[in-house]
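**Student:** Structure below; questions to follow.
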């Protein structure tokens, strides 16, 4: 590993310079969702292309219907990896809540030996993607080559729904396909504990509207005789969970696997319990399937949640109305190999069976993506885990995430490629909020981590 | 009854003149809810006072904090009755939906031998109250006296929430107290079948808010672990009705009596079934307590209805949020001697028992009035029933109403007086809507009905 040590030393010596470069990128307000910043988004793409060219990448700005992609290629021995990140950022309003100018990045000491990089995009995702670029730069500086064949894809529309991504992946599948993807858009367990995300829950959304009478009714004239769609909807929703918090839809748990005991144990060792997990949000009792820990519930178990409900009179005061309809937005988080289409259909059937003959129900689908699950002992995972453990001096965790990162599913579906999710963000980075920050240790040791991971993948 | 026959003949001969008078009152746009018509409301009160004086009433406009009351007294033998009606009307917008000017009343032939009086207030309530005034006028014209001692109370704020009514009743209890009240603000069963309303359901409203986390949560991060207030609320609402449509709150049916079999039979004879009752609103199945007819359900049974529900994201599309709170507006229609305070407390207890320990619930009360129930064989009812039956040539029905008429409760509570509810409106009179009308037969035979009722009450 002598060749890695020299790269790591180089990274240490060049930290100041790497910060200057990062600041250069952070100063460009590449807010993708606001058309007023269209040109800034383009400038950020061009900045990245110039920087990648300076390291020897064959890099170019690639126009799309929306904001451009940055694609870059570099030859190398060993495996071929596709690195993904995004260079667009969230809007910054309300601006008055920022302690510093969001586009004048700087270093701030927020505690003893605790420094952070401040500004919009530091953690999401410019700081993260530059950890990888800096690792490549150092490799080139020290060895004149990279340990792997590297393709880079930087997106400029991640914060505005990625409208061009799927068409672009389809159109350039041959160019972008690699052995696997590296995605740097996730978090560590805490400031000192690195983590690899091997599971991402999938999502099925359904809006369900129950319709009863052909108009709103006066509850005095019709109450007690006419169907009330709120009552029907409440009955349906209430029937979706059993007394133990399990989901009652027939076949719902098809494809759900139990998490390996050793993984559950490693999660238990994190010391997260119901109190520590729920305390900050003002709760104390786990509301999901009984007998499972908080982390297992949000990382490895499927759910049925109600995200919205509405019907009848919802203003101030009272109106004795029996509404003509009521609706709810219901979503399911999926794990392992649960099939979104099957779940959707089973849910609809479950609802239909509970609608009185003279009422009707309508469904409107919202999203449908399967879960992503790398096996916990996949060689890519264990290799990266060892490299991270070496860098941080603490065992790197294989964790899961309750939410979804659509790009990972897209890579799998469109390019037949699994993703390794390694990131150095923290839960308190305030991404999407005022006063976004990125730990200076994350930026520094993140660079070193990628150097180690690339080396380890090459030597595997 | 010779003395009634001559009064009836007089009414027949004076129908044209009574219509002219009614038109005079209808032409005044006494819209109580709109301050722009304040003076018109006053004009209508003055019009009535002048008219009542012309019959020999001691009548006066009585100022209140809002619109004035009209109070009038006339001596007489026999029982002392308080007649109540209201001279204010609903707004008329959307004006473009009216076929005629709402304040240019007229007679319209809408079918063979089927004429109606058109205009705002014809049915609600100027046309109705004038049936009584005309009966008094005819009595005076023919006999020079009234068969009963009559006090009249005409309100000018019924369509805007009656803010002055209770203070006025309290301040003038001695002046207004009579043996019983006659209220003319209800409907007939159909165009040919008169009806007396002997039951009015009471009402208890509660807004219930379930609170879980201290902020909205991302369902990816917390879904499956954190309490979802929509789920809790749905479980609570779903538990309020059993499989047979009965309400499950302990003690809810305390004070509920079974309706006498002969009354149920008279309702059955009306030929109203689930299909005829629900068909016009697009339904076909009775949703209330099983084994009871549509009319029994809405007239004589208590209910629990959900009038509104809201929580989480209710806009277009989807947001994977677990909301911090969710609320529902729940109302109960009460019958017989159900106690509103007890029902409210029992409901709250029912809900509290179903809230997880780390969540909370808040209640906000809306209204609470007991049911009004005259006994079906009260002498006042049977006397009026016989008079109506004689006038219309069809048995007058003793019916109930699903909604409530607050004045009846106020008379009972504040003046210790029961009310006889007789009215000649029809379900299709479009009160509160464009193209309000009142059947010409209702106006004519309504006058004759009051003449007969007054005579019958005097002779009892």
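**Student:** For residue B:260, work out the one condition from (1) under 36 Å from the mean Cα position of the chain (by Cα); (2) modelled with pLDDT under 95; (3) at the interface with another protein chain (Cβ under 7 Å from one of its Cβ atoms) it doesn't fulfil.
**Tutor:** For residue B:260, the failing item is (3).
**Student:** Could you grab me the full set of residues in region B:356-377 that are assigned to a strand (DSSP E or B) and either within 14 Å of chain A (Cβ to nearest Cβ) or surrounded by 15 or more Cβ atoms within 10 Å (Cβ to Cβ) (or both)?
**Tutor:** Matches in region B:356-377: B:360, B:361, B:363, B:364, B:365, B:366, B:367, B:368, B:369, B:372, B:373.
**Student:** Condition check: within 7 Å of another protein chain (Cβ to nearest Cβ) and in contact (Cβ under 8 Å) with a residue 12 or more places away in the chain. Does residue B:217 satisfy that?
**Tutor:** Spelling it out, residue B:217 is indeed within 7 Å of another protein chain (Cβ to nearest Cβ) and in contact (Cβ under 8 Å) with a residue 12 or more places away in the chain.
**Student:** What number of residues in region B:281-318 are touching a residue at least 12 places away in the same chain (Cβ under 8 Å), within 8 Å of chain A (Cβ to nearest Cβ) and over 24 Å from the mean Cα position of the chain (by Cα)?
**Tutor:** Counting residues in region B:281-318 that are touching a residue at least 12 places away in the same chain (Cβ under 8 Å), within 8 Å of chain A (Cβ to nearest Cβ) and over 24 Å from the mean Cα position of the chain (by Cα) gives 4.
**Student:** Scan B:384, B:341 and give me the residue that is away from chain A (no Cβ under 14 Å), surrounded by fewer than 20 Cβ atoms within 10 Å (Cβ to Cβ) and either at pLDDT 95 or above or in contact with a helix residue (DSSP H, G or I) (Cβ under 8 Å, 6 or more places away or on another chain) (or both).
**Tutor:** None of the other options fit; the residue is B:341.
**Student:** Check off (1) surrounded by 22 or more Cβ atoms within 10 Å (Cβ to Cβ); (2) in contact with a helix residue (DSSP H, G or I) (Cβ under 8 Å, 6 or more places away or on another chain); (3) under 30 Å from residue B:321 (Cβ atoms) for residue B:227 and give me the number that stays unchecked.
**Tutor:** Every condition holds for residue B:227 apart from (2).
**Student:** To continue, here is another question. Which members of region A:23-38 meet the condition of being without any contact (Cβ under 8 Å) to a residue 40 or more places away in the chain and touching a strand residue (DSSP E or B) at 6+ places or on another chain (Cβ under 8 Å)?
**Tutor:** A:37
**Student:** Quick check: anything in region B:173-187 surrounded by fewer than 24 Cβ atoms within 10 Å (Cβ to Cβ), free of Cβ contacts under 8 Å to residues at least 12 places away in the same chain and either part of a strand (DSSP E or B) or away from chain A (no Cβ under 11 Å) (or both)?
**Tutor:** Yes: one or more hits.
**Student:** Restricting attention to region B:192-203, and to residues there that are outside any loop (DSSP other than H, G, I, E, B) and in contact with a strand residue (DSSP E or B) (Cβ under 6 Å, 6 or more places away or on another chain), which single residue is farthest from the other protein chains (Cβ to nearest Cβ)?
**Tutor:** B:196
**Student:** Looking at B:380, B:399, which is the one that is assigned to a helix (DSSP H, G or I), touching a residue at least 40 places away in the same chain (Cβ under 8 Å), closer than 25 Å to residue B:262 by Cα and outside the structural domain of residue B:236 (by TED's automatic domain parsing)?
**Tutor:** Going through B:380, B:399 in turn, just one is assigned to a helix (DSSP H, G or I), touching a residue at least 40 places away in the same chain (Cβ under 8 Å), closer than 25 Å to residue B:262 by Cα and outside the structural domain of residue B:236 (by TED's automatic domain parsing): B:380.
**Student:** For region B:34-54, give me the residue count where each residue is over 26 Å from the mean Cα position of the chain (by Cα) and buried (at least 19 other Cβ atoms within 10 Å of the Cβ).
**Tutor:** Summing the residues that are over 26 Å from the mean Cα position of the chain (by Cα) and buried (at least 19 other Cβ atoms within 10 Å of the Cβ) in region B:34-54 gives 1.
**Student:** What do you reckon, is residue B:41 assigned to a helix (DSSP H, G or I), out of contact with any strand residue (DSSP E or B) (no Cβ under 7 Å at 6 or more places or on another chain), under 19 Å from residue B:458 (Cβ atoms) and at pLDDT 95 or above?
**Tutor:** Considered against the rule, which asks whether it is assigned to a helix (DSSP H, G or I), out of contact with any strand residue (DSSP E or B) (no Cβ under 7 Å at 6 or more places or on another chain), under 19 Å from residue B:458 (Cβ atoms) and at pLDDT 95 or above, residue B:41 comes out as no.
The values are calculated or read from the model by the stated rules, or taken from the named source; none is laboratory data. On a predicted model such as this, the values are computed, not experimentally measured, just so you know. Glycine also receives a Cβ, built like all others from the backbone with ideal geometry; neighbour counts cover every protein chain displayed.
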